[in-house]
Amino acid sequence: MTAFVNEPTLELRRAAERERLTQALAELDADLPLRFAVRIGGDRRDGDDLVSTDPARPDRLVAVGPAATEEEARVAVRVAAAAAPAWSRTPVAERAAALQRAAAWLRERRPRLAALCVRETAKPWPEADADVCEAIDFLEFYAREAVALDAGPALLQVPGERNALRYVARGVVAVVAPWNFPIAIPMGMVAAALATGNAVVLKPAEQSPGCGAVVVDALRAAGVPDDVLALVPGDGAIGAALVGDPGVHAVAFTGSSAVGLEILRTAATVAAGQRHLKHCVIEMGGKNCVIVDSDADLDDAVPGIVRSAFPYAGQKCSAAGRVLVHEAVHDALLERLAGAVEVLQVGPADAFGTDVPPVVEREARERLERLVAEAGAAGRISARHAAVPDDGHYVAPTLLSDLPADAAILHEEVFGPVLTVEPVAGVEEACDRVDALPFALTGGLFSRDPRTVARVVERSPVGNLYVNRPITGAMVGRQPFGGNRLSGTGTKAGGPDYLRHFVEPRVVTESTIRHGLVVPGA
């Protein structure tokens with residue numbers, strides 16, 4: 001197996017690449033709505049009670065299929081449990097090869113899959129293409145990591161004794177996925193579980209079932225047995241049924257803090273007859289701060305902050321929500337950020353120049369508008385995009401300042417195109433404010449002083465700290481991603497330790513001092 005390298009994203013400045021994506025979108029539109037199904041083992045049930053729509057044009061259906069029932073979730077777990085032992089005994093090289101074939105399947109369909117992300121989740125072209133690339137990266141990276149993990153580490157050996165440590169699949173993994181990285185994140189969690197020999201039941205987000213079905217299509221086409229990977233689209237009740245099922249051995253979840261904490265509570269309950277503890281891989285939200293010191297290069301900081309906060313309408317758990325800027329440069333930074341916010345391009349995701357697309361659904365738009373109205377009344381709206389399209393779930397990019405310290409927007413995850421700016425007396429005060437937050441996912445620093453960088457690195461509790469660059473865009477194998485505190489269980493997707501969460505370590509110690517041999521048949 002060759003060394004891992006990241007899948008290169010498309011160079012969208014080239015007209016030929018843009019034309020290729022435009023053609024793929026036209027072909028996808030001609031096929032809409034796509035059909036997905038409940039898929040358990042070799043069975044398939046169709047239906048039409050769960051739909052996804054285009055956030056830019058809510059009257060356009062993107063995907064139609066059935067909502068799984070709780071009984072189907074239970075059946076899916078039973079089928080997966082029956083198939084798990086054989087899959088775990090499949091040589092790791094064969095499991096890894098299946099993941100690599102799935103990566104090839106995605107490569108062959110990159111433009112169409114990016115177009116699906118555009119339509120179903122309003123992900124602008126650069127982010128949509130990167131989403132597919134990240135899914136490919138997860139497959140390729142975990143294929144290699146699984147082979148390395150299977151070899152086991154070297155243990156201390158002494159005369160007369162042989163010690164071995166091996167990693168064994170846990171059993172059935174329930175994957176409860178988000179909509180904002182509609183192919184990449186579910187593919188990453190599913191691929192990690194499969195690579196290490198587990199069976200998987202996937203519940204994609206109800207906003208992106210079409211993308212979720214792609215994950216199963218790719219892996220089954222690559223040779224993952226039908227019984228080993230099930231698809232149960234539906235709402236939160238299906239996720240809750242999976243988490244509570246005693247046949248599930250591990251839960252991999254990415255989403256809101258409220259749901260993540262509920263999963264942890266449910267998973268901690270041992271049902272009658274259950275003989276294992278459920279292991280949880282939980283990635284939740286953040287309140288991500290960017291610190292700007294007095295010596296920062298504002299020509300660098302302003303575009304870096306804007307790119308951290310507003311692309312994809314701020315709907316990334318890693319997105320910046322709060323800027324803590326040294327009071328000496330506060331006014332200058334605020335003025336320049338305001339100018340940058342006012343010229344952001346707001347529009348549909350399929351327009352190549354769009355910076356800020358609609359948010360994913362009407363409920364999100366209404367929540368954000370209430371939040372901005374409340375914050376604006378308590379503080380000051382320093383900039384707000386003048387006009388957004390009438391149709392679609394658009395929220396105007398907004399910059400807020402002069403907020404009271406107890407304003408909710410300074411402490412809660414916003415998950416929208418909204419950024420706040422606060423003056424601080426210095427970096428120490430900024431670190432104090434970061435340290436007071438319950439979240440610790442991502443953070444940023446703009447400073448030209450190596451001593452300041454070292455001090456912030458020492459004090460920062462976040463899982464991913466970025467210095468003098470945007471704080472989103474973690475790459476598989478380069479920036480293992482995941483948060484601390486109430487942002488997650490500290491697992492690092494795309495990193496060297498991630499697969500260990502899907503296996504049990506087992507040690508065998510054998511005496512090699514023989515006292516005679518048993519001769520078969522004697």
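Does anyone have the angle between helix 330-342 and the longest principal axis of the chain? Alpha-carbon axes, 0 to 90°, nearest 10?
Once rounded, the angle reads 80 degrees.
Please grab the % of Cα pairs in the stretch 84-133 that end up more than 14 Å from each other. Provide the component values of the computation, followed by the final result.
On the way: 721 of 1225 pairs.
Tail fraction, whole percent: 59.
Can you tell me how the stretch 337-405 classifies by the Cα gyration tensor, rounded, prolate or oblate, using a/c under 1.5 as the rounded cut?
Details: a/c = 2.86, a/b = 1.42, b/c = 2.02.
It is oblate, given that a/c is not under 1.5 and a/b is not larger than b/c.
Nearest 10 degrees is fine. How inclined is helix 110-121 to the longest principal axis of the chain, computing both from alpha carbons?
60 degrees
Using only C-alpha atoms and all pairs of different ones, pull out the Kirkwood radius for the stretch 360-437 in Å with one decimal.
On the way: mean 1/r = 0.0735 Å⁻¹.
In the stretch 360-437 this quantity evaluates to 13.6 Å.
With the Cα gyration tensor of the stretch 129-190 in hand, give its eigenvalues times 5 under a square root as the equivalent ellipsoid semi-axes, listed largest first in whole angstrom.
35, 14, 6
Quick check on the stretch 51-103: take the gyration tensor over C-alpha atoms, sort the square-rooted eigenvalues as a ≥ b ≥ c, and tell me if it's rounded (a/c under 1.5), prolate or oblate. Provide the component values of the computation, followed by the final result.
Working: a/c = 6.36, a/b = 1.65, b/c = 3.85.
In terms of gyration-tensor shape, oblate.
If you bin the C-alpha pair distances of the stretch 267-371 every 10 Å from 0, what whole percents do you get?
With a bin width of 10 Å, the distribution comes to 12, 33, 26, 14, 9, 5, 1.
Which number comes out as Rg/Rh for the stretch 392-522 once both Rg and the Kirkwood Rh are worked out on C-alpha atoms?
Rounded to two decimals, Rg over Rh is 1.28.
How far, in degrees from 0 to 90, does helix 70-89 lean away from the longest principal axis of the Cα atoms of the chain, to the nearest 10?
Relative to the chain, helix 70-89 is tipped by roughly 60 degrees.
How far is it, in nm, from the label point at Arg166 to the one at Ala30 when both lie 7 Å from their Cα along the line to the Cβ?
A separation of 5.3 nm, rounded to one decimal place.
Using alpha carbons only, what's the Rg to Rh ratio of the stretch 1-57 with Rh from Kirkwood? Walk me through the numbers on the way to the answer.
Numbers: Rg = 17.7 Å, Rh = 15.5 Å.
We get a ratio of 1.14 for the stretch 1-57.
In a Debye calculation with equal point scatterers on the alpha-carbon sites of the stretch 448-522 and no solvent, what is log10 I(q)/I(0) at q = 0.15, 0.22, 0.23, 0.28 Å⁻¹?
Taking Cα atoms of the stretch 448-522 as identical point scatterers yields -0.71, -1.10, -1.15, -1.30.
Name the longest site-free stretch of the chain, where the excluded sites are GluC sites (Glu not before Pro) in a DSSP loop with no more than 16 other beta-carbon atoms within 10 Å.
Working: sites that count: Glu11, Glu327, Glu412.
Longest stretch, sites excluded: 12-326.
Normalising by the residue count of the chain, find the relative contact order in percent from Cα pairs under 8 Å and 6+ residues apart.
Working: 1183 pairs, mean separation 88.6, N = 522.
This gives 17 percent for the chain.
Within straight cross-link reach of Lys278, meaning Cα distance under 23 Å, which lysines are found once same-chain residues fewer than 8 apart are removed?
Leaving aside lysines fewer than 8 places away in the same chain, those within reach of Lys278 are Lys203, Lys492.
What does the convex hull of the alpha-carbon atoms of the chain project to on average, in nm²?
The number I arrive at for the chain is 28.4 nm².
What whole number of Å gives the distance from the Cα centroid of the stretch 94-172 to the Cα centroid of the stretch 213-262?
If you average the Cα positions of each part, the centres end up 17 Å apart.
Be a star and scan the stretch 384-410 for residues whose amide nitrogen sits under 20 Å from the point 7 Å along the Cα-to-Cβ vector of Gln345.
Hits in the stretch 384-410 for Gln345 at 20 Å: 384-398.
State in Å² the accessible area per residue of the chain; use a 1.4 Å probe, count heavy atoms of protein chains only, and round to the nearest integer. Can you show the working numbers first?
On the way: 21280 Å² over 522 residues.
Averaged over the residues of the chain, the accessible area is 41 Å².
For Pro311, what is the net charge nearby, where nearby means another residue's Cβ is under 9 Å from its Cβ and Lys, Arg count +1, Asp, Glu -1?
Working: positive: Arg307, Lys316; negative: Glu127, Asp355.
Spelling it out: positives minus negatives among the neighbours equals 0.
Can you compute the equivalent ellipsoid semi-axes for the stretch 481-522, i.e. the square root of 5 times each eigenvalue of the Cα gyration tensor, sorted largest first and rounded to whole Å? Could you put the intermediate results ahead of the total?
Working: eigenvalues 423, 22, 14 Å².
The equivalent ellipsoid of the stretch 481-522 has semi-axes of 46, 10, 8 Å.
Got a number for carbon plus sulfur as a percent of the chain's accessible area, 1.4 Å probe?
Percent of accessible area from carbon and sulfur atoms in the chain: 53.
Where does the stretch 1-148 land on Rg(C-alpha)/(2.2 N^0.38 Å)? Don't skip to the answer; put the middle values down first.
Details: Rg = 18.2 Å, N = 148, 2.2 N^0.38 = 14.7 Å.
Normalised Cα radius of gyration, the stretch 1-148: 1.24.
What does the charge add up to near Val118, with Lys and Arg as +1, Asp and Glu as -1, over the other residues with Cβ less than 11 Å from its Cβ?
-4
What shape does the stretch 291-337 take by its C-alpha gyration tensor, where a ≥ b ≥ c are the square roots of the eigenvalues and a/c under 1.5 counts as rounded, a/b above b/c as prolate, and the rest as oblate? Let's see the in-between values first.
Working: a/c = 2.35, a/b = 2.03, b/c = 1.16.
It is prolate, given that a/c is not under 1.5 and a/b is the larger ratio.
Give me the extension gain from Glu458 to Glu11: residue separation times 0.36 nm, minus the current Cα-Cα distance, reported in nm with one decimal. Spell out each step's value before the answer.
Numbers: separation 447, 0.36 × 447 = 160.92 nm, distance 3.68 nm.
The Glu458-Glu11 span can extend by a further 157.2 nm.
The values are calculated or read from the model by the stated rules, or taken from the named source; none is laboratory data. Nothing here was measured: the structure is a model prediction, and the numbers come from that model. No Cβ is skipped: glycine too gets one built from the backbone with ideal geometry, and neighbour counts run over all protein chains shown. Accessible surface is based on the protein model in full, side chains and every heavy atom, while ligands, DNA and RNA are left aside. Shrake-Rupley method; radii C 1.70, N 1.55, O 1.52, S 1.80 Å.
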